[in-house]
1. Checking the table LYS58/LYS186; LYS64/LYS137; LYS130/LYS186; LYS58/LYS137; LYS143/LYS186 against a 23 Å threshold on Cα-Cα, which pairs fail?
2. How would you rank THR80, THR102, THR121, going from fewest to most other Cβ atoms within 10 Å of each one's own Cβ?
3. Between LEU182 and GLN144, how high is the FRET efficiency from 1/(1 + (r/R0)^6) when r is the Cβ-Cβ distance and R₀ = 22 Å? Nearest 0.05.
4. Which distance in nm do the two modelled labels at ILE61 and ALA46 give, with both placed 7 Å along the Cα-to-Cβ direction?
5. Write out the trypsin sites (Lys or Arg not before Pro) in segment 87-118 meeting two conditions: DSSP loop, and at most 13 other Cβ atoms within 10 Å of their Cβ.
6. Would you report the distance distribution of C-alpha pairs in segment 48-192 as whole percents per 10 angstrom bin, up to the bin with the largest distance?
Amino acid sequence: MKTFSLTPRLDSVVMWLAILALLVIASCMPAFAQADTVDTNEIVPALTKKEAYHLYVKNHIVSKSDTISVLVTRVIDGDTFVCIPCFTCDDSIRIRVLELDTFEKTRIPRLYRQARLWDITPDEALVAGKMATIEAKRLLEGKQVKLHRGSKREDNNPDLIDIYDRVLRYVILPDGLDYSELMRVKGLNARK
């Protein structure tokens with residue numbers, strides 16, 4: 001009766017692949033901290049959904065890092081997208097690109113303000129917004145980009161999170177180009 005056995009070299013490869021898989025899985029798991037003792041007599045108010053999401057964003061690895069590589073999963077418009085910090089994680093977070101403001105892609109009051117500022121019709125602004133979204137999808141969606149906190153930003157928001165709980169970051173494309181600079185060169189920036 002023959003039994004199946006792996007060669008010593010193949011055993012080594014399988015072992016290293018298993019170790020690599022465990023390291024990838026462990027890199028995406030949150031660090032476990034020791035639980036503090038909680039006084040059960042103390043009443044802790046429940047968080048609203050918005051407050052809970054704000055805390056999640058504020059404490060997320062993307063919010064805490066100066067530079068981090070992320071995978072862009074979905075483009076919302078020319079200056080906003082959704083990303084995940086690693087390939088095996090499912091915790092997505094919204095990013096708003098610094099130093100870039102593209103036209104809106106839907107007819108909302110902000111689109112009309114942008115059109116008045118640029119002295120164009122709302123239809124022209126809408127087309128520009130849709131073009132910016134298409135270009136953003138071409139440049140970002142499904143690609144691994146670097147998010148950089150940057151030192152140019154000087155205001156009273158040290159966490160760099162806007163009122164919509166989007167993390168504010170500079171974006172560096174896979175080829176090393178600055179995304180906001182590239183969109184400005186292509187004429188897709190609505191900021192004067």
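1. On the way: LYS58/LYS186 33 Å; LYS64/LYS137 26 Å; LYS130/LYS186 14 Å; LYS58/LYS137 26 Å; LYS143/LYS186 20 Å.
Violating the 23 Å Cα-Cα cut-off are LYS58/LYS186; LYS64/LYS137; LYS58/LYS137.
2. Ranked by crowding around the Cβ, least crowded first: THR121, THR80, THR102.
3. Values: r = 17 Å, r/R0 = 0.76.
According to the calculation, E is roughly 0.85.
4. 3.1 nm
5. Values: sites: ARG94, ARG96, LYS105, ARG107, ARG110, ARG113, ARG116; in loops: LYS105, ARG107.
Sites meeting the loop and neighbour criteria: ARG107.
6. P(r) for segment 48-192, in whole percents per bin: 12, 40, 35, 13, 1.
Each value in this text was obtained by applying a stated rule to the coordinates, not by laboratory testing. Quantities reported herein were computed from a predicted structural model and do not represent experimental measurements. Don't worry about glycine lacking a Cβ; one is built from the backbone with ideal geometry, like all the others, and counts go over all protein chains shown.
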